[in-house]
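These notes are about the structure you will find just below.
The values are calculated or read from the model by the stated rules, or taken from the named source; none is laboratory data. Just so you know, these numbers come straight off a predicted model, no measurement behind them. Glycine also receives a Cβ, built like all others from the backbone with ideal geometry; neighbour counts cover every protein chain displayed. Heavy atoms of the whole protein, side chains included, go into the accessibility calculation; ligands, DNA and RNA do not. Shrake-Rupley method; radii C 1.70, N 1.55, O 1.52, S 1.80 Å.
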Amino acid sequence: GVTRLLLTRIPFFKEIIVSSFACESCSWSNTEIQSAGRIQEQGVRYALAVASRQDMNREVVKTDCATTRIPELDFEIPAFSQKGVLTTIEGIIDRAVAGLEQDQPARRATDKEVASKIDEFIGKLKQLKEVHSPFTFIIDDPSGNSFVENPRAPQKDEALVVTHYKRTPQQAAMLGLEVDEKPADSAEDLKNEVLQFSTNCPECNAPANTNMKVVQIPHFKEVIIMATNCDSCGHRTNEVKSGGAIEPQGTRITLRITDPSDMTRDILKSETCSVEIPELEFELGMGALGGKFTTLEGLLKDIKDLVERNPFTLGDSSTPSKTEKLQEFIGRLQEVKGKTKAHFIMDDPAGNSYLQNVYAPEEDPELKVERYERTFEQNEDLGLNDMKTEGYEAAAASGR
């Protein structure tokens with residue numbers, strides 16, 4: 001015989017593959033449908049209140065994993081008991097009748113009582129086709145690829161109720177999908193989401209939203225990136241917070257800038273980190289610019305903007321000598337971006353800053369990372385001297 005395949009699209013639904021087989025010798029023929037798409041994110045349940053003969057002519061796509069029910073007769077066609085079909089509601093009932101009548105001659109010869117009950121049930125199914133009384137036709141498909149026609153589309157059909165639902169682990173296993181054992185609200189899922197909370201714009205004080213995301217930096221640690229975009233004035237700002245604890249030791253990172261490609265290195269500058277460029281006699285104190293996750297070029301641009309916008313050097317009271325020195329510094333800072341070799345130093349007592357090692361996991365010949373013990377003054381600035389993490393419960397009890 002010959003099998004023909006046709007890719008077609010059902011209006012207001014999706015594409016399906018219709019396969020048709022025909023045998024010239026015995027004239028036997030058969031049709032089957034398969035979804036041309038993937039398994040949907042959610043299962044679907046169609047419940048149709050059949051009230052007229054016109055409803056029996058509605059087109060139905062029934063996949064092989066769908067369950068068909070008529071509650072008024074306690075009738076059910078289980079999943080995977082039939083191949084997928086593109087037919088009508090009347091066609092599904094006819095197919096069910098043909099399946100029940102198939103072995104009736106043998107049953108009448110062996111068990112007349114069972115055969116008479118099946119004949120009685122077949123009569124009820126045939127009466128449904130005449131729609132003497134309303135009944136409910138339900139298709140439940142965990143794959144989400146079944147369909148019942150809405151003749152009023154794109155308007156809503158009051159007789160048809162479509163419900164999308166989340167598959168159970170048993171249904172997912174039945175479809176051959178991997179079952180996710182983790183709960184939906186696990187910490188891993190939160191790491192993959194962008195959280196949003198309401199705030200006010202720091203420029204115009206209009207209501208705005210701040211987006212927050214946890215990011216894992218390779219060969220370093222987790223950080224929290226926060227970004228705010230104001231729709232009223234267009235002001236945009238971002239800030240980075242360390243996702244971990246303060247390190248036992250401080251970190252001093254020294255990079256020798258020798259090539260323009262060094263400008264593309266990723267940088268995490270925490271709010272406790274100071275920056276120094278000895279060749280320019282420049283030092284940026286702890287807390288300036290806040291936390292930043294950017295590139296070396298981006299950080300140098302932020303430093304340039306910070307210096308240029310200083311009102312004490314560019315205001316009406318500024319002297320020509322100050323302005324000349326400022327312009328000279330900005331010019332030398334521009335030359336650092338690949339033209340002039342210089343040292344870029346990051347000193348973070350909290351140990352939460354990072355400069356990308358492009359040779360990782362091997363050592364970078366131009367990058368030097370030093371660990372050091374914090375001084376009393378540095379611990380005081382970080383609030384660690386007054387912080388008690390052991391035995392505080394006993395001390396609190398004795399204080400009472």
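In nm, to one decimal, how far is the Thr3 label point from the Ala288 one, both placed 7 Å along Cα→Cβ?
The answer from the label model is 7.4 nm.
Report the percentage of all Cα-Cα pairs in region 250-382 whose separation exceeds 25 Å, rounded to a whole percent.
29 percent
Quick one: divide the alpha-carbon radius of gyration of the chain by 2.2 N^0.38 Å and tell me what you get.
Ratio of Rg to 2.2 N^0.38 Å for the chain: 1.69.
Using a 10 angstrom cutoff on alpha carbons, build the Gaussian network for the chain and name the most mobile of Val214, Val97, Val240.
Looking only at Val214, Val97, Val240, the biggest GNM fluctuation is shown by Val97.
What share of all Cα pairs of region 88-170, in percent, falls into each consecutive 10 Å distance bin?
Result, from short to long distances: 13, 33, 29, 19, 6, 0 percent.
Straight-line reach only, C-alpha to C-alpha below 22 angstrom: list the lysines that Lys117 could link to, leaving out same-chain residues fewer than 8 apart.
Within reach: Lys126, Lys129.
If I build a Gaussian network model for the chain, linking alpha-carbon pairs within less than 10 angstrom, which residue out of Glu24, Glu380, Glu362 has the largest mean-square fluctuation?
Glu24
Could you pull the Cα extents of region 194-242 along its three principal axes, largest to smallest, in whole Å?
39, 16, 13
Over 23 Å, how big is the tail of the calculated P(r) for region 1-86, in percent of all Cα pairs? Walk me through the numbers before you get to the answer.
Details: 1275 of 3655 pairs.
So the portion of pairs separated by more than 23 Å is 35 percent.
Run the numbers for Ser133 and Thr163: contour at 0.36 nm per residue of separation, minus the present Cα-Cα distance, in nm.
So the chain would gain 8.3 nm between Ser133 and Thr163.
For the chain, list the cysteines whose Cβ sits under 4.7 Å from no other cysteine Cβ?
Isolated Cys, the chain: Cys23, Cys26, Cys65, Cys273.
Tell me which aspartates and glutamates have Cα within less than 17 Å of Lys325's Cα, excluding those fewer than 8 residues away on the same chain?
Answer for Lys325, where 17 Å is the Cα cut-off: Glu279, Glu281, Glu283, Asp305, Glu308, Asp316, Glu335, listed by chain and number.
Based on the Cβ-Cβ distance of Glu222 and Leu175, what FRET efficiency does E = 1/(1 + (r/R0)^6) give at R0 = 35 Å, to the nearest 0.05?
The value I calculate is 0.50.
Sort Thr340, Thr3 by heavy-atom solvent-accessible area, probe 1.4 angstrom, most to least.
Thr3, Thr340
Determine which lysines satisfy two conditions relative to Lys221: a Cα distance under 27 Å, and not lying fewer than 8 residues away in the same chain.
Lys182, Lys191, Lys213, Lys241, Lys269, Lys292, Lys301, Lys368, Lys388
Stretch Lys126-Glu366 to full length: gain in nm at 0.36 nm per residue minus the Cα-Cα span? Intermediate values should be presented prior to the final figure.
Numbers: separation 240, 0.36 × 240 = 86.40 nm, distance 8.51 nm.
In short, 77.9 nm is gained.
Determine the per residue accessible area of the chain with all protein chains present and a 1.4 angstrom probe, expressed in square angstrom.
On a per-residue basis, the chain sits at 61 Å².
Of the accessible area of region 43-175, with the probe set at 1.4 angstrom, what percent is carbon plus sulfur? Walk me through the intermediate numbers first.
Values: 3550 of 7070 Å².
Of the solvent-accessible surface of region 43-175, carbon and sulfur hold 50 percent.
Quick check: from the Cα gyration tensor, does region 27-66 come out rounded (a/c under 1.5), prolate or oblate?
Note, shape of region 27-66 comes out oblate.
Tell me the Kirkwood radius of region 53-200: reciprocal of the mean inverse pair distance over distinct alpha-carbon atoms, in Å.
18.6 Å
Please tell me the relative contact order of the chain in percent, rounded to the nearest whole number, where contacts are Cα pairs under 8 Å and at least six residues apart.
Once normalised by length, the contact order is 13 percent.
Report, to the nearest 10°, how far helix 320-335 tilts away from the longest principal axis of the Cα atoms in the chain, using its own Cα long axis and a range of 0 to 90°.
Between the helix axis and the principal axis of the chain, the angle is about 50 degrees.
Let me check against my output: what whole-number percent is the relative contact order of region 1-109, with C-alpha pairs under 8 Å and at least 6 apart?
So the answer I get is 19 percent.
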